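One structure is given here, and the rest of the page talks about it.
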Amino acid sequence: MNIIRIKKYFPIFTTHKNLVYLDNAATTHKPQCVIDALTAHYAERNANIHRGIYRLSEQATESYDTARAQIARFIGARDASQIIFVRNTTEAINLVAHSYLRHHAKAGDEILLTVMEHHSNIVPWQLAAKEKKLTIRYAHITKTGELDMADLKKKITPRTRLIAVTHASNVLGTINDIAAITRLARARNIPVLVDGAQAVAHMPVNVSALGCDFYAFSGHKMYAPTGIGALYVSKKYLTTMDPFLGGGDMIRSVSLEGATFQDAPERFEAGTPAIEAAVAFGVAADYLTRIGMKNIRTHEKKLTALALKELSKIPGITIYGPTRAEKRTGVISFTSQNIHPHDLASLLDEQDIAIRAGNHCAMPLHTLLGIPATARMSFSLYTSPADIRTACRALRTIVKKLQ
Ligand code: PLP
C-alpha cells in the first residue's frame, strides 16, 4: 500500500496539511470517490426512489439498489435483501431489539452481552429488558483484555434468547472470535448479533463464514458519509421479524383499519432513506475492496505493533488490551500517570495531532478497569508509520514536561 498516494486521495489532508489524524474509531475521513459519488448523485440522478414512473426516479432507485448489492458483496451476504439500510450501528442494534427481541422474548428470558460493549450494544437491550422483564448477563474479560470464552459459555443458559457481542472493542482493540461464539450459539438455537462498527473497515469480514444472524455497522467509520449504515440479517430471522418504524415504503397496502407490510428489506426501511449516502456507501465498499481488506489488515497490524512499541517506551504510560497486534485492531487506549487523558488530547491538538479522550461510550468497561477515562489512538488505511512516530514523540515530550 502506497500511503502517500492514498493520503493524497483524501482531500482533508490537503486542507489540513499537518494533520495527524488518529481518531478513526470515531469516524474516518472520506476519499475523493465517496465525495464525488455524493456530488454526482445530486447533479445527475437525484429523485425519490421506488415511487416514480419516470426515468430519473428509476435511475435513483437503480443506484440505491446497486449500493445494497455492493454492501452485500462487501460483507459476504448471499443476497442483497439481507441488507437493511439504517442510519448507523446504533439504529441497526435498536432495530433488532425492537423487531426481533421484543417479539420473541418472554419475562425471565436472558440476553447475553459482554462487559466490553459500546453503549450502543448495551442500552437498547436494557430498554427492552425493562419493558419485557428480561435479564441481562455479561461475559467478562481476562486480565489481558480478551473475552473470557469460558465465562461466556458458562453464562449461556436455556433462557438465553440472544447473544450480542462486538467484533472488535472500541477501547481495548480486542478482536473477538465470532465464529467460536456462533458455533456455541448455533448448537443451542440462539441468534448472535455482532456489532461490527470497529471491524468492517479494518479486516476482511464474511458474515456467511462468521455464521452470525445479525451484523451491524456504520458507513461513516468505513470512509462513507454519516447518516448511513447497514444491518445484515440471516435468512432465518429476516422473514420472522416485525416492522421497525411504520410509514411510507414499508407497506404493501393500507386501509383505515390497518396495514400489510412489504418483505425485507423494504419492510424495515420506512420513509425516504439517505439515498445519496447509501450510494456513496456502496462506492466506499468497492474502494476498500479495490485496496484489499487483507492488505488493510496487514498495514494496520504493522501500525499497531509500532504504536504498542513506541507507547510502551514512554515512562508512566499504561496500555489497555491485548499486548500482541495479532489479537487486536488499530485501536489503542492508554493512560499516563498523573496526567488526565483530556489534557493529553488537548496538548496534542496544539500540535495538530487528533486523538480522543474520555470513556468512548464504554462506561461499564472503564468502571471495570477502575479508570474514568482513557486517551485513545486509532488508525486507518491512510495512517502512516510517520504519523505514529510523530504522535508518540509529541506524547513523550508532553509526559516528560508534565510529570
Ligand atoms: N459500536 C462500537 C463498537 C462503536 O465503536 C461505535 C461508535 O464508536 C458504535 C457501536 C456506534 O456507532 P454509531 O455512533 O455510528 O452508531
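The table below gives the values:
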| quantity | calculated |
| --- | --- |
| Checking Arg376 against (1) touching a residue at least 40 places away in the same chain (Cβ under 8 Å); (2) within 16 Å of the ligand (Cβ to nearest atom); (3) outside any loop (DSSP other than H, G, I, E, B); (4) surrounded by fewer than 22 Cβ atoms within 10 Å (Cβ to Cβ), the condition it does not meet | (4) |
| Residue in region 93-106 that is farthest from the ligand (Cβ to nearest atom), counting only those that are more than 16 Å from the chain's Cα centre (by Cα) and surrounded by 19 or more Cβ atoms within 10 Å (Cβ to Cβ) | Ala105 |
| Of all residues making up region 284-302, the number that are open to solvent by 40 Å² or more (accessible area, probe 1.4 Å) and either closer than 16 Å to Phe217 by Cβ or in contact (Cβ under 8 Å) with a residue 24 or more places away in the chain (or both) | 6 |
| Top-ranked residue in region 205-239 [being within 15 Å of Asn189 (Cα to Cα) and part of a loop (DSSP other than H, G, I, E, B); ranked as nearest to the ligand (Cβ to nearest atom)] | Cys212 |
| Looking only at region 23-47, and only at residues there that are more than 16 Å from the ligand (Cβ to nearest atom) and part of a loop (DSSP other than H, G, I, E, B), the one that is surrounded by the most Cβ atoms within 10 Å (Cβ to Cβ) | Pro31 |
| Failed item, numbered, when Asp109 is tested on (1) surrounded by 15 or more Cβ atoms within 10 Å (Cβ to Cβ); (2) more than 16 Å from the ligand (Cβ to nearest atom); (3) within 30 Å of Thr323 (Cα to Cα) | (3) |
| Test: residue in region 261-277 that is within 21 Å of His103 (Cβ to Cβ), in a helix (DSSP H, G or I) and touching a helix residue (DSSP H, G or I) at 6+ places or on another chain (Cβ under 8 Å) | yes |
| Qualifying positions in region 305-326 - out of contact with any strand residue (DSSP E or B) (no Cβ under 6 Å at 6 or more places or on another chain) and either of a type in the set (A, V, I, L, M, F, W, C) or in a helix (DSSP H, G or I) (or both) | Ala305, Leu306, Leu308, Lys309, Glu310, Ser312, Ile314, Ala325, Glu326 |
| Subset of region 319-350 [open to solvent by 60 Å² or more (accessible area, probe 1.4 Å), closer than 18 Å to Lys400 by Cβ and touching a residue at least 60 places away in the same chain (Cβ under 8 Å)] | Gln337, Asn338 |
| Residue check, Thr90 within 14 Å of the ligand (Cβ to nearest atom), of a type in the set (Ser, Thr, Tyr) and either in a strand (DSSP E or B) or open to solvent by 20 Å² or more (accessible area, probe 1.4 Å) (or both) | yes |
| Residue in region 2-22 that is modelled with pLDDT of 95 or more, surrounded by 16 or more Cβ atoms within 10 Å (Cβ to Cβ) and within 16 Å of the ligand (Cβ to nearest atom) present | yes |
| Residue check, Arg159 out of contact with any helix residue (DSSP H, G or I) (no Cβ under 9 Å at 6 or more places or on another chain), without any contact (Cβ under 8 Å) to a residue 40 or more places away in the chain, more than 24 Å from Thr367 (Cβ to Cβ) and open to solvent by 20 Å² or more (accessible area, probe 1.4 Å) | no |
| All positions within region 69-87 that are crowded, with 24+ Cβ neighbours inside 10 Å and either within 16 Å of the ligand (Cβ to nearest atom) or modelled with pLDDT under 95 (or both) | Ile71, Ile84, Phe85, Val86 |
| Region 48-68, subset open to solvent by less than 50 Å² (accessible area, probe 1.4 Å) and without any contact (Cβ under 8 Å) to a residue 24 or more places away in the chain, residue farthest from the chain's Cα centre (by Cα) | Gly52 |
| Region 325-335, residues that are more than 21 Å from Thr27 (Cβ to Cβ) and either of a type in the set (A, V, I, L, M) or modelled with pLDDT under 95 (or both) | Ala325 |
| Cβ pairs under 9 Å, 6+ apart, first in region 167-192 and part of a strand (DSSP E or B) and open to solvent by 30 Å² or more (accessible area, probe 1.4 Å), second within 12 Å of the ligand (Cβ to nearest atom) and of a type in the set (Ser, Thr, Tyr) | Ile175/Ser169; Ile175/Thr329 |
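The values are calculated or read from the model by the stated rules, or taken from the named source; none is laboratory data. Everything numeric in this text was worked out from a predicted model, so none of it was measured. Methodologically, a virtual Cβ is constructed for each residue, glycine included, from the backbone with ideal geometry; neighbour enumeration extends over all protein chains shown. Surface accessibility is based on the protein's heavy atoms, side chains included, excluding ligands, DNA and RNA. Shrake-Rupley method; radii C 1.70, N 1.55, O 1.52, S 1.80 Å.
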